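Step one of this worksheet: look at the structure below.
The values are calculated or read from the model by the stated rules, or taken from the named source; none is laboratory data. Note that the structure is predicted; figures quoted are calculated from it, not measured. FYI the Cβ positions are ideal-geometry reconstructions off the backbone, even for glycines, and counts take in every protein chain you see.
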């Protein structure tokens, strides 16, 4: 080897040795809804690392992660789809793909990103690498409850028609299946961690509706047909998020619509097993990763409070007030801590989930959704 080649090789090795490695498994992003920015946070240090701006209207925003946990795909209310590189801490791509979007999902192989739209409706699917349009799926109405399902599939539901759709990208082209009769005005949906059961909540009639995605021809399954707001018209101050559902052992825990309750449902039979009276109308009912406790926050004007419910007794065991406008909660992957966004206090608060002790406050600008990178490896998140 020549002296020049040796010098170049030594220089390259020196550069590699001095490069600072970046591990993303301990990181997360917090939506700052008022400023169109996201806050990059570190779980172990309980600290903010960087602020990334220029993401548009994040007044109702969510995100998903690439399988390698490097990229976040942020879905803004203005129809913006923004790809954020959390290693370089900058925007890697952005497209405004609709007038009003309501969330999105990433395929199980990480190659496709789908966005659910209110205006003009339908779902648009993009290449996760380039953000180039792959498919445009008009549905004739507002689409809600968009989730990823195993086998390069997306499942979503249409508010106007009460249909659920399955968009299958496992082959060379796209195949769609339409399932009518899901119910009147479905408002949100969830999918179980194994990708088998898809459940949509109904705003226009009592009950919920499920699909068995393992069935050869999935058909609507009525769940809790006697429950809802139809028989007793209740004011609804904020629609609950079924994506904030809990799975504790053999039961689902779902936030009730218009009632001060959470509902317990047998995961195998989809029959009701109990109800827990709550402080207010629940928005999120989220299980600690081990399933023992369910943490619940509430709609305005009672949104300063959190209740913790024991999943064995189904009783409230702890109640506290983190501050004004508690919007979202996120557990660390093993559940030893929970991070809570308190919008009107301008803080993210970190609590020990065993002792309920507050461990840290992190300044944030109107924080809402909190998303740790561990979501990259979970179906439906």
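Here are some notes:
- Any hit, the range 357-372, residues being buried (at least 16 other Cβ atoms within 10 Å of the Cβ), in contact with a helix residue (DSSP H, G or I) (Cβ under 8 Å, 6 or more places away or on another chain) and closer than 18 Å to residue 305 by Cβ: yes
- Residue in the range 285-296 that is free of Cβ contacts under 8 Å to residues at least 40 places away in the same chain, in contact with a strand residue (DSSP E or B) (Cβ under 7 Å, 6 or more places away or on another chain) and not in a loop (DSSP other than H, G, I, E, B) present: no
- In the range 57-84, the qualifying residues are those that are closer than 17 Å to residue 369 by Cα and surrounded by fewer than 20 Cβ atoms within 10 Å (Cβ to Cβ), and the one that is nearest to the chain's Cα centre (by Cα) is 60.
- Scanning the range 306-325 for residues that are assigned to a strand (DSSP E or B) and touching a helix residue (DSSP H, G or I) at 6+ places or on another chain (Cβ under 8 Å) yields no hits at all.
- Scanning the range 38-53 for residues that are over 22 Å from residue 331 (Cα atoms) and in a strand (DSSP E or B) yields one hit, 52.
- Enumeration of residues in the range 349-370 that are farther than 17 Å from residue 36 by Cα and outside any loop (DSSP other than H, G, I, E, B): 349, 350, 351, 352, 358, 359, 360, 361, 362
- First in the range 102-119 and assigned to a loop (DSSP other than H, G, I, E, B), second anywhere and at pLDDT below 95, Cβ under 9 Å, 6 or more apart: 108/195; 108/379
- Here 93, 56 are screened, and the one residue that is part of a loop (DSSP other than H, G, I, E, B), farther than 22 Å from residue 331 by Cα, in contact (Cβ under 8 Å) with a residue 24 or more places away in the chain and touching a strand residue (DSSP E or B) at 6+ places or on another chain (Cβ under 6 Å) is 56.
- Filter result for residue 152 (surrounded by fewer than 18 Cβ atoms within 10 Å (Cβ to Cβ) and free of Cβ contacts under 8 Å to residues at least 24 places away in the same chain): no
- Elements of the type strands (runs of 3 or more DSSP E) sitting completely within the range 157-274 and holding at least 2 residues that are loosely packed, with under 13 Cβ neighbours inside 10 Å and at pLDDT 85 or above: these cover 175-179.
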